[in-house]
1. Quickly run through segment 72-87 and pick out the residues that are polar (S, T, N, Q) and open to solvent by less than 10 Å² (accessible area, probe 1.4 Å).
2. Got a sec? Which of Leu138, Leu149, Leu114, Leu191 is aliphatic (A, V, I, L, M) and in contact with a His (Cβ under 9 Å, 6 or more places away or on another chain)?
3. Check whether at least one residue in segment 70-92 is under 24 Å from Arg225 (Cα atoms), part of a helix (DSSP H, G or I), without any contact (Cβ under 8 Å) to a residue 60 or more places away in the chain and not polar (S, T, N, Q), and report yes or no.
4. How about segment 101-133: which of its residues are small (Gly, Ala, Ser) and either over 20 Å from Thr30 (Cα atoms) or touching a helix residue (DSSP H, G or I) at 6+ places or on another chain (Cβ under 8 Å) (or both)?
5. Just to verify a result, which residue in segment 154-200, among those that are among the aromatic types (Phe, Trp, Tyr) and assigned to a loop (DSSP other than H, G, I, E, B), is nearest to Ile136 (Cα to Cα)?
6. Could you tell me which of the residues Asp159, Asp183 is farther than 15 Å from Arg225 by Cβ, in contact (Cβ under 8 Å) with a residue 60 or more places away in the chain and not β-branched (Val, Ile, Thr)?
7. Here's a check for you: in segment 104-116, which residue that is at pLDDT 95 or above and within 25 Å of Asn186 (Cβ to Cβ) is most open to solvent (accessible area, probe 1.4 Å)?
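The values are calculated or read from the model by the stated rules, or taken from the named source; none is laboratory data. In this text the structure is predicted, and so the values were computed from the model without any measurement. Cβ: placed from backbone, ideal geometry, glycine included. Neighbour counts: every protein chain shown. The protein model used for the area step is the full one, side chains on, heavy atoms only, and it has no ligands, DNA or RNA in it. Shrake-Rupley method; radii C 1.70, N 1.55, O 1.52, S 1.80 Å.
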Amino acid sequence: MRAALASLALVVTAGAAYAGVTRDTLWVVTRTCVAAQATFGKPFPCLRVDLGSHDRPGFAILKAPLLKTEVVVMPTDRIAGIEDRSLRKASGAAYWRGAAEARHFVTDALKGRLDTSDVAFAVNSQGGRSQDQLHIHLDCVRPTVRAALRAHSGIFTADWRPLPFLLGGERYYGKLVPADTLDRLNPFEQLAHLPGPHDLRATSLAMISTAPGDPVPGAYLLAYRAGDSHAEWLLDHDCALAATTAAQ
């Protein structure tokens, strides 16, 4: 287990370039967390394990090694990644709700210096990830991304559309999800409605809450396609927004 955690630290912090170390390390850690929760009532090395039930899938929440604030949320079942068609069903919504519940682990690490609305979600494509166990990244939204979304908030609609501005040098699709529908949201199912080819192996996904004062409260769904698409770039693992808040 110690070796698995060391490998996980390497691949999480170094990125997909070290995928050759092992792409199953996160699955090994997930199984360890599940066994610890089931046997001892403790989720170690995870922060939390929900074992699920006959009609609700389980998930685990893990603090990303060597990073101050990031956590990842994984199914307790074997699901390789965003391309798995089973995620379009109710299980996909359940994992996303689990991720929404986990945002407080990010803000807790910052001792309340950041609102949960500034905690973003991201899932990388098959070529952009380092692990072949589905994991939803949670961390602070990048300040430049927050500023761009605020500046263009009026262009988002309920339908996917190509955004007329770049995020991290990439052209994303985007749509608005109103606040009163977020509890029922399954972003994985929403990807099935993206215009163009539906090769989800080359698609990545992010969700960022609207900022206070935006025309319609809710969240932006963002997606882009490339062989190594990496929506995790929209997250800021140094959490500059929290530093700004502390300075005020």
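1. In the first step, residues of segment 72-87 are kept if they are polar (S, T, N, Q); the result is 76, 86.
Hits for segment 72-87: nothing passes.
2. The match here is Leu191.
3. yes
4. As a first pass, look at segment 101-133 and keep what is small (Gly, Ala, Ser): 102, 109, 112, 117, 120, 122, 125, 127-128, 130.
Those that are small (Gly, Ala, Ser) and either over 20 Å from Thr30 (Cα atoms) or touching a helix residue (DSSP H, G or I) at 6+ places or on another chain (Cβ under 8 Å) (or both): Ala109, Gly112, Ser117, Ala120, Ala122, Ser125, Gly127, Gly128, Ser130.
5. Of segment 154-200, the ones among the aromatic types (Phe, Trp, Tyr) are 156, 160, 165, 172-173, 188.
Pick out the ones that are also assigned to a loop (DSSP other than H, G, I, E, B) and you get 156, 160.
On the way: Phe156: 23, Trp160: 21 Å.
Here the answer is Trp160.
6. Details: Asp159 fails: in contact (Cβ under 8 Å) with a residue 60 or more places away in the chain.
Exactly one residue qualifies, and that residue is Asp183.
7. Checking each candidate, the answer is His104.
Here is a yes/no grid of residues against (1) open to solvent by 10 Å² or more (accessible area, probe 1.4 Å); (2) touching a Phe, Trp or Tyr at 6+ places or on another chain (Cβ under 6 Å); (3) farther than 16 Å from Ala93 by Cα; (4) modelled with pLDDT under 95:
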position	(1), (2), (3), (4)
Gly174	no, yes, yes, no
Glu189	yes, no, no, no
His198	yes, no, yes, yes
Thr203	no, no, yes, no
Ser209	yes, no, yes, no
Gly213	yes, no, yes, yes
Ala219	no, no, no, no
